[in-house]
Each structure stands twice: as structure tokens, then as C-alpha cells.
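S.K.: Got a structure for you, written out below as C-alpha cells; questions coming shortly.
The values are calculated or read from the model by the stated rules, or taken from the named source; none is laboratory data. Keep in mind that this is a model prediction, so the values were computed, not measured. Please note: Cβ atoms are built from the backbone with ideal geometry, for glycine as well, and neighbour counts cover all protein chains shown. Heads up: the accessible areas ignore ligands, DNA and RNA and are worked out on the full protein's heavy atoms, side chains in. Shrake-Rupley method; radii C 1.70, N 1.55, O 1.52, S 1.80 Å.
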Amino acid sequence: MNLKELKTLQLVSVRWWNASAYYAISLAEALNKSAYKSIVAGREDSPPLQRACEYGLPIFTGINLESTSPRKAIRNILSLKKILAAEQIALINAHRPEDHFFGALINKLSSQKIPLVRTVSDVRPPKDHRLNRWLHDAGTDFYIFSCKASFERYQSVWPIFEDRSAIIYSAIDTDRFRPFDKPSPLRRKFGIDDTEVVVGIVARLDPVKDHRTFLKAARIVSQKVPGVRFLISGESCNISHSQLRQFAEELGIADKTIFHERDDALNIRELLGCLDVGIVASNGSEVICRVAVEYMALGIPQVTTNINVLPEIIENGENGFAVNAGDAEAMADRILYLIQNSFVRKEMGEKARRYAETRFSYNTFVKQTVAVYEDTIEKLEI
């Protein structure tokens, strides 16, 4: 097969716009930009499909794999068989458990087997029962894990993934995400002086993102370097901005902290570009951590926790620092080091950008993924 003629179907039944959805849609975008046609399939009004439309990607909305209705299941199978034949799809890439199930089922019901690759970007291990064992073993050709931590979780349940899996990290469009030549225009909107150092966290407001540890670290930092500003931006999710603002008041740093509600109309590059130091304080989740890669692409040094993918992509002292989750003192120590050493901050930011260009770019993403696709197809043809 001429790989430039390779067509893939990305099954994306993610119910909201999260990291898993980002992985799938960014992969489809990267493949299509590299002339490998990849169709995004899912529920028409789902956030991932809407984002795919915004990116101008080819889509297929004739399925709803999220439904448990037997009638819709039959429609899904017929619709999938139709598009696989019409588009001459060479490989299916499933991104969610329901996608995985239908991908395996369609293969068993088709006269010609189409390779099935399952991308795992979830913190949960597989459920250990007979049907799931069949699905993961006999029903799937290859696995892509978004981090080593996820691979190890799956491997601990069934040791069947060693010889047919790869770890491919999430990527960023490094042409779109470039460092600013001058301060982000949003700094002026937020009332930030060009000489002020800003440390911030951009994440949904949820306990797993651990904004409270960040604020505790911010208090330690502010006691030693009074002129530093802090920024928290994200949508309310189990925690509100008012609750965090109240906590900041209790810590005595509310006047130094900018709280900004999520705004989809806002340019995320400009928002992240307000920061001199980026923070990921999470105590869970983060099997992809898009924002960490965005910090790198923008040349922003960062302090993260050592959860899941983070210690795999952060090399201490090179493109950032990783500390134990929940350790406000360790986080504050690394933040202070970066604040007080502007040369190190600049040098680390430049290294981070190079990491993004070489390890986390769309070009790298496509090369690694297409190599998996090619190898999977060739093994099936033997």
C-alpha cells in the first residue's frame, strides 16, 4: 500500500471536550495536514465532532456509539460497514471503550478484516472479565498508550500488551503555538506590568487539579518575593472561582491573584503567554496533559507534579521541574528558583521549545503513529 493513500477512521465517542478528545482530534488534524486522510466519526452534536468541523476535518456523523439501544446498535453497524466500504478505509483507530467494542464487532461481522488500533488515554485500567479479555486480546490488533503509566496499568491486569503496543505522547501544532516576541496583549488587559513575573495555572476548577496546593505554594513565594503575581484560569467544575478566591483571602494573597473564568472566545496562546512560569499541580488524571506541552511550545518553563505522564515528559532542570503531588513547599521552592534566576528561566524556556519541536510536534506525532499503522497493516497482510 502506498501510505499516502492510507485512509483511517478515527472513532471518537467522547462526550465532552477533554484530553482524550483533544488527542483524537489533534491526531486527525496532524494526519490530514500530512496528506494522510483521516475521517473523524462520532455523534454529530458532540464537542469533539464540533471541534473537528471547526478545524475543517473530514467527518462522519452517521453513528452514535454512545447509545445502548439495540436498534441504534444495528444502525451503527450498518453505517460503519457502509463508510468503511465507500471510503476504502484501511484501519480503524478507536479512542473510547464504546468505539473499541464496535470496532471489534464490525471486524467480526465483515468479510474482510480491517486492522483495529485502540488508543488508551484513560487513567482507569480495563475491567477484568471474559468478554473484555476477548476484546483486548483477540479483538484488537494494536494499542497506542498516551503514557507509560497507562501501559503499566493495563499490563498489570493482563500481560498481553508488551509486543503489540507503543507509547505515543500527545502533540501540539508547534507552528500555531510559538513563543511571543513581545509580552502577550492579555497582560495589559489583566493589569500586569511588563516587569512583573506571573506564575499561573490554567485548568478546570476541580479537586484533581489541586489549585489549593498551588495557592499554598503561592503564599510561600509571595512572602519571599512580594512583587510576584499569580493567575488561575479555568471553568468551574466541582469548585468555583469564589471558593478559591476565599481561600486566597485566607492565605492573604487574594490581592496578588488574578481569577479568570474560562472564555472559549479567548485566544489560549495569548492566555498562556501571560505566564512566566506555568504550573500543573494535579494529584491525579494527566495521562495526556495538553497544557504541559503547550507551555513547552510557547517556551514557558514549568513546575508540575509527578503524576502519570508528567514525569515522562518533564526532565528536571531541562524543560521544567516535577515535584511530589500535594507538596506546596517543594513547588514553592522550584517556583522561587525560576523567579530569582531570570537567566535560568529564559534558558529553560528555550530548551522547552526545542523539546516541543522535536518530541511533541505534529510531525513527530504523525511519524510515530503512521509507523504503528504501517506495521499493523503489514502484519495483517502476512
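S.K.: Would you please name the residue that is least open to solvent (accessible area, probe 1.4 Å), looking only at residues in the range 243-254 that are among the small types (Gly, Ala, Ser) and assigned to a helix (DSSP H, G or I)?
M.R.: Filtering the range 243-254 down to residues among the small types (Gly, Ala, Ser) leaves 248, 252, 254.
Filter once more, keeping what is assigned to a helix (DSSP H, G or I): 248, 254.
On the way: Ala248: 0, Ala254: 30 Å².
If we take residues in the range 243-254 being among the small types (Gly, Ala, Ser) and assigned to a helix (DSSP H, G or I), then Ala248 is least open to solvent (accessible area, probe 1.4 Å).
S.K.: Can you find, within the range 17-30, the residue that is surrounded by the most Cβ atoms within 10 Å (Cβ to Cβ) among those that are at pLDDT 95 or above and either touching a Leu at 6+ places or on another chain (Cβ under 8 Å) or assigned to a loop (DSSP other than H, G, I, E, B) (or both)?
M.R.: Only one residue fits best here, namely Ala28.
S.K.: Can Ser34 be described as at pLDDT 95 or above, hydroxyl-bearing (Ser, Thr, Tyr), in contact with a helix residue (DSSP H, G or I) (Cβ under 8 Å, 6 or more places away or on another chain) and closer than 20 Å to Leu116 by Cα? Walk me through how you get there before you give the answer.
M.R.: On the way: at pLDDT 95 or above: yes; hydroxyl-bearing (Ser, Thr, Tyr): yes; in contact with a helix residue (DSSP H, G or I) (Cβ under 8 Å, 6 or more places away or on another chain): yes; closer than 20 Å to Leu116 by Cα: no.
Considered against the rule, which asks whether it is at pLDDT 95 or above, hydroxyl-bearing (Ser, Thr, Tyr), in contact with a helix residue (DSSP H, G or I) (Cβ under 8 Å, 6 or more places away or on another chain) and closer than 20 Å to Leu116 by Cα, Ser34 comes out as no.
S.K.: Among the numbered criteria (1) surrounded by fewer than 23 Cβ atoms within 10 Å (Cβ to Cβ); (2) part of a helix (DSSP H, G or I); (3) over 19 Å from the mean Cα position of the chain (by Cα), which one does Pro226 miss?
M.R.: If we test Pro226 against (1) surrounded by fewer than 23 Cβ atoms within 10 Å (Cβ to Cβ); (2) part of a helix (DSSP H, G or I); (3) over 19 Å from the mean Cα position of the chain (by Cα), just (2) comes out false.
S.K.: On the basis of being within 22 Å of the chain's Cα centre (by Cα) and under 18 Å from Ser165 (Cβ atoms), does Asp99 make the cut? Explain how you work it out, then say what you get.
M.R.: Details: within 22 Å of the chain's Cα centre (by Cα): yes; under 18 Å from Ser165 (Cβ atoms): yes.
Taking the combined requirement at face value, the residue satisfies it.
S.K.: Limited to the range 31-47, what total is found for residues that are open to solvent by 10 Å² or more (accessible area, probe 1.4 Å) and under 13 Å from Ala21 (Cβ atoms)?
M.R.: Total meeting the criteria: 2.
S.K.: Where residues in the range 301-313 are open to solvent by less than 10 Å² (accessible area, probe 1.4 Å) and assigned to a loop (DSSP other than H, G, I, E, B), which of them is farthest from Asn341 (Cα to Cα)? Before you say what the answer is, go through the steps one by one.
M.R.: Going residue by residue through the range 301-313, those that are open to solvent by less than 10 Å² (accessible area, probe 1.4 Å) are 301-305, 309-310, 313.
Next cut, assigned to a loop (DSSP other than H, G, I, E, B) only: 301, 309.
On the way: Pro301: 12, Val309: 27 Å.
Taking the candidates together, the pick is Val309.
S.K.: Scan (1) in contact with a Phe, Trp or Tyr (Cβ under 7 Å, 6 or more places away or on another chain); (2) open to solvent by 20 Å² or more (accessible area, probe 1.4 Å) for the single condition Thr257 breaks and write down its number.
M.R.: Failed condition: (2).
S.K.: Looking at Val287, Val303, Val280, Val291, which is the one that is closer than 14 Å to Gly200 by Cα and in contact with a Cys (Cβ under 8 Å, 6 or more places away or on another chain)? It would help to see each step written out before you state the result.
M.R.: Details: Val287 fails: closer than 14 Å to Gly200 by Cα; Val303 fails: in contact with a Cys (Cβ under 8 Å, 6 or more places away or on another chain); Val291 fails: in contact with a Cys (Cβ under 8 Å, 6 or more places away or on another chain).
Of the residues listed, the single one that is closer than 14 Å to Gly200 by Cα and in contact with a Cys (Cβ under 8 Å, 6 or more places away or on another chain) is Val280.
S.K.: If Ala265 passes every condition in (1) closer than 30 Å to Thr195 by Cβ; (2) outside any helix (DSSP H, G or I); (3) in contact (Cβ under 8 Å) with a residue 12 or more places away in the chain; (4) open to solvent by 30 Å² or more (accessible area, probe 1.4 Å) but one, which one does it miss?
M.R.: Of (1) closer than 30 Å to Thr195 by Cβ; (2) outside any helix (DSSP H, G or I); (3) in contact (Cβ under 8 Å) with a residue 12 or more places away in the chain; (4) open to solvent by 30 Å² or more (accessible area, probe 1.4 Å), only one is false for Ala265: (3).
S.K.: Please determine whether any residue of the range 164-187 is among the polar types (S, T, N, Q), touching a Ser or Thr at 6+ places or on another chain (Cβ under 7 Å) and modelled with pLDDT of 95 or more.
M.R.: Applying the first criterion (among the polar types (S, T, N, Q)) to the range 164-187 yields 165, 170, 174, 184.
Retained after the next criterion (residues that are touching a Ser or Thr at 6+ places or on another chain (Cβ under 7 Å)): 170, 174.
Pick out the ones that are also modelled with pLDDT of 95 or more and you get 170, 174.
For the range 164-187, residues among the polar types (S, T, N, Q), touching a Ser or Thr at 6+ places or on another chain (Cβ under 7 Å) and modelled with pLDDT of 95 or more: present.
S.K.: Next up: In the range 321-332, which residues are without any contact (Cβ under 8 Å) to a residue 60 or more places away in the chain and farther than 16 Å from Leu275 by Cβ?
M.R.: Step one: of the range 321-332, the residues without any contact (Cβ under 8 Å) to a residue 60 or more places away in the chain are 321-324, 330.
Scanning the range 321-332 gives Ala322, Val323, Asn324, Ala330.
S.K.: Here's something else I'd like to know. Are there any pairs with C-beta distances below 6 angstrom linking a residue in the range 132-150 that is in contact (Cβ under 8 Å) with a residue 60 or more places away in the chain to a residue that is part of a loop (DSSP other than H, G, I, E, B) and aliphatic (A, V, I, L, M), with the two at least 6 apart or on different chains, and if so which?
M.R.: Close Cβ pairs satisfying both conditions: Ile144/Ile168; Ser146/Val287; Ser146/Ile288; Cys147/Val287; Cys147/Val309; Ser150/Val287.
S.K.: Moving on. Here are the criteria: (1) in a loop (DSSP other than H, G, I, E, B); (2) touching a Gly at 6+ places or on another chain (Cβ under 9 Å). Tell me which single one Ile83 does not satisfy.
M.R.: Failed condition: (1).
S.K.: Going by the structure shown, is Arg124 in a loop (DSSP other than H, G, I, E, B) and either farther than 22 Å from Met296 by Cα or touching a His at 6+ places or on another chain (Cβ under 6 Å) (or both)? Walk me through how you get there before you give the answer.
M.R.: Details: in a loop (DSSP other than H, G, I, E, B): yes; either farther than 22 Å from Met296 by Cα or touching a His at 6+ places or on another chain (Cβ under 6 Å) (or both): yes.
Criteria met by Arg124.
S.K.: Name the residues in the range 120-151 that are under 15 Å from Ile288 (Cα atoms), modelled with pLDDT of 95 or more and of a type outside the set (A, V, I, L, M), would you? Steps first, answer last, please.
M.R.: Within the range 120-151, the subset under 15 Å from Ile288 (Cα atoms) is 120-124, 144-151.
Then keep just the ones that are modelled with pLDDT of 95 or more; that gives 120, 144-151.
Residues satisfying the conditions are Phe145, Ser146, Cys147, Lys148, Ser150, Phe151.
S.K.: Do any residues in the range 151-172 that are open to solvent by 30 Å² or more (accessible area, probe 1.4 Å) have Cβ atoms under 6 Å from those of residues that are among the basic types (Lys, Arg), where the two are at least six apart or on different chains, and which pairs are they?
M.R.: Ile167/Lys148
S.K.: Does Phe180 meet the test of being over 19 Å from Ser285 (Cα atoms), open to solvent by less than 30 Å² (accessible area, probe 1.4 Å), in a loop (DSSP other than H, G, I, E, B) and among the aromatic types (Phe, Trp, Tyr)? I'd like the intermediate steps shown before the answer.
M.R.: Details: over 19 Å from Ser285 (Cα atoms): yes; open to solvent by less than 30 Å² (accessible area, probe 1.4 Å): no; in a loop (DSSP other than H, G, I, E, B): yes; among the aromatic types (Phe, Trp, Tyr): yes.
No: the conditions fail for Phe180.
S.K.: Now for a separate question. Please state which one of Glu347, Glu374, Glu378, Glu286 is open to solvent by 30 Å² or more (accessible area, probe 1.4 Å) and touching a residue at least 24 places away in the same chain (Cβ under 8 Å). Steps first, please.
M.R.: On the way: Glu347 fails: touching a residue at least 24 places away in the same chain (Cβ under 8 Å); Glu378 fails: touching a residue at least 24 places away in the same chain (Cβ under 8 Å); Glu286 fails: open to solvent by 30 Å² or more (accessible area, probe 1.4 Å).
Checking each option against the conditions leaves just Glu374.
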